[in-house]
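A short worksheet on the structure shown next.
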Amino acid sequence: LDPTMGDYLSMALSTKNNPNENYAREIMQLFTVGLFMLNQDGTLQLDASNNPIPTYDQTTVNNMTKVLTGWTLCNNGCPNSVSGTPNFIDPMVLVTNNHDLTAKTLLNYPGSTTSTIAACSNCTNSTNIATYANASMDKALDNIFYHPNVGPFVSRNLIQKLVTSDPTPAYVGRVAAVFNDNGFGVRGDLQ
């Protein structure tokens with residue numbers, strides 16, 4: 001819900017009647033799972049025809065986009081809002097009438113416990129819609145975070161940007177293993 005990213009990747013303008021897939025696509029493609037399935041050492045998984053296996057398709061992007069509808073810049077009533085000026089300090093806020101309430105299918109992978117989000121059955125008021133939207137966002141983020149590609153994808157990118165541009169699969173595999181479990185059962189802690 002960072003307002004700068006929400007503005008830059010068009011999430012702050014995405015509504016159920018005018019959804020924008022930019023943020024949904026970029027969070028998966030650039031920041032978390034990448035375009036193709038990876039082995040834990042960062043090498044590509046290949047199908048029977050020796051082609052890379054996509055991590056998601058357009059349907060997944062469309063469904064993830066629905067989860068991200070309704071949030072916008074907090075230009076009224078937030079601590080840092082100033083009339084007539086976009087608020088890039090406070091987190092984005094939900095406009096409940098702009099959130100998509102239909103069912104969603106997210107990334108589907110072995111071990112996923114959050115690959116679907118049911119349609120909102122009791123969204124008769126703003127409170128219920130806000131509860132549904134926030135729970136949907138949490139499920140979608142968990143769905144992405146626990147995807148098996150995140151460890152090798154993020155690890156390889158960090159190594160490439162901070163250490164060496166051409167890391168060996170063994171190097172990526174060691175870092176990805178720590179990302180997946182830091183030795184204390186915590187995922188995502190590379191310290």
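The values are calculated or read from the model by the stated rules, or taken from the named source; none is laboratory data. Bear in mind the structure is a predicted one, so any value in this text is a computation, not a measurement. Cβ sites come from the backbone with ideal geometry, for glycine too, and all protein chains shown count toward neighbours. Ligands, DNA and RNA are stripped out before the accessible areas are found, and what is left, the full protein with its side chains, is counted by its heavy atoms. Shrake-Rupley method; radii C 1.70, N 1.55, O 1.52, S 1.80 Å.
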Problem - GNM flexibility winner over the chain from LEU73, LEU158, LEU13 (Cα, springs under 10 Å) - result: LEU158
Handout entry: Sequence of ILE27, ILE144 from largest to smallest accessible area, 1.4 Å probe
Key = ILE27, ILE144
Handout entry: Within the chain, helix-based [θ] at 222 nm, where runs of 4 or more DSSP H residues each add -39,500 (n - 2.57), nearest 500
Key = -11000 deg cm²/dmol
Fill in the blank from the handout: the chain, Gaussian network, Cα under 10 Å: of VAL178, VAL154, VAL163, the residue fluctuating most is VAL163
Fill in the blank from the handout: Once Lys and Arg are counted +1 and Asp and Glu -1 for all other residues with Cβ under 13 Å from that of ASP100, the total becomes +2
Handout entry: Per residue solvent-accessible surface (Å²) - the stretch 139-191, probe of 1.4 Å
Key = 57 Å²
Practice task
Springs between alpha-carbon atoms under 10 Å, Gaussian network over the chain: tell me which of THR65, THR124, THR102 tops the mean-square fluctuations.
Solution key: THR124
Problem - the stretch 41-92 - percent of accessible surface contributed by carbon and sulfur, probe 1.4 Å - result: 52 percent
Completion exercise
Expressed in square angstrom to the nearest 10, the accessible area of PHE153 with a 1.4 Å probe stands at 40 Å²
Fill in the blank from the handout: Amide H neighbours of MET37 at under 5 Å, excluding residues fewer than 5 places away on the same chain, with H built from the backbone geometry, are GLN45, ILE53, THR55
Problem - Highest-first arrangement of 5-11, 91-97, where packing means the average Cβ count within 10 Å - result: 5-11, 91-97
Fill in the blank from the handout: The distance between the Cα centres of the stretch 111-161 and the stretch 67-107, in whole Å, is 17 Å
Practice task
Taking DSSP loops as anything outside H, G, I, E and B, show the longest stretch in the chain free of trypsin sites (Lys or Arg not before Pro) there with at most 16 other beta carbons within 10 Å.
Solution key: 17-186
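In debye to the nearest 20, how big a dipole does the stretch 1-96 give about its Cα centre with +1 on each Lys and Arg Cβ and -1 on each Asp and Glu Cβ?
Working: 3 positive and 8 negative charges, 57 e Å.
With Lys and Arg at +1 and Asp and Glu at -1, about 280 debye.
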Exercise for the section: Determine the per residue accessible area of the stretch 52-134 with all protein chains present and a 1.4 angstrom probe, expressed in square angstrom. Expected result: 52 Å²
Practice task
Starting from the amide H of THR116, placed 1.01 Å from N in the peptide plane, find each other amide H under 5 Å away whose residue is 5 or more places distant or on another chain.
Solution key: LEU106
